[in-house]
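Nothing in this text is a laboratory measurement; each read-out follows from the coordinates by a stated rule. Nothing here was measured: the structure is a model prediction, and the numbers come from that model. So basically every Cβ, Gly included, is an ideal-geometry build from the backbone, and we count neighbours across all protein chains shown.
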Amino acid sequence: MSAISDFFTQPGFWWGMPTGAIISGLGAASIAAWSARKSDERKGAQEDKVKAQERDEKNKQQTREECLKFSDTVAEAMSKMIDSKGAFNIIRDTVAGAETRLDDKLELAQTAMAEVQKVGVALTRLQMTAPASILDKAVECQYAVQTIAQSITDPLKYQAAFKAAGKAFDGYKNAFRTYVDLDSYSAPEASRAAKSYIEVLKKQVDDYIAEARQART
């Protein structure tokens, strides 16, 4: 046996130490080590939870940004595909020929195809982050915009395509509102709000006219 081992095994070494104190000291050290380990584990778990929450919030923020970009792209595409110059007109084209205002027709058709491509790019970006509930509605919007572009030479189909695209776009917007915990907002509700505003405006105008007439008398 070594000198250290012989020293600790000598009976005289333990005479001045109560057995309870020795056991208590060993137990306290073990408890302190266990407590420190558990504390580290809890701290590590909490840090992992915080990191996961931060990562989840970052992903949601990115999704919200891409959703809004897609919405802006679709809205701009539909706005630019409006035939504001009346390039395609059934009556005029039937009387004067399809070649009438050919430059305006080509310009509108080219604009429509360019906007379809922009919507496609925006959808590709959206597919990287958005949930399926939003992507389903986004794909409907993409096809709706494509249908407008394909129908642009036929005024009757064009009007129907625009109406269908508006409904698809409303569906996408409400899917996004659900994702960010907002209540849905439909076209009829928007119409009621606009009607209410017009009624208030009309009343204000009528009141102003009545006051003006009274001031003159």
TODO: Between residue 114 and residue 57, with labels modelled 7 Å along Cα→Cβ, what's the label distance in nm to one decimal, could you check?
DONE: 4.1
Open item on the list: Test of understanding: what is the full-extension gain from residue 35 to residue 178, defined as 0.36 nm times their sequence separation minus their Cα-Cα distance?
Closed with: 47.0 nm
Open item on the list: As a quick test, which of the pairs 137/163; 118/163; 105/173 have an alpha carbon distance above 25 angstrom in this structure?
Closed with: 105/173
Task: Simple label model, 7 Å out from Cα along Cβ direction - residue 84 to residue 153, nm - done: 2.5
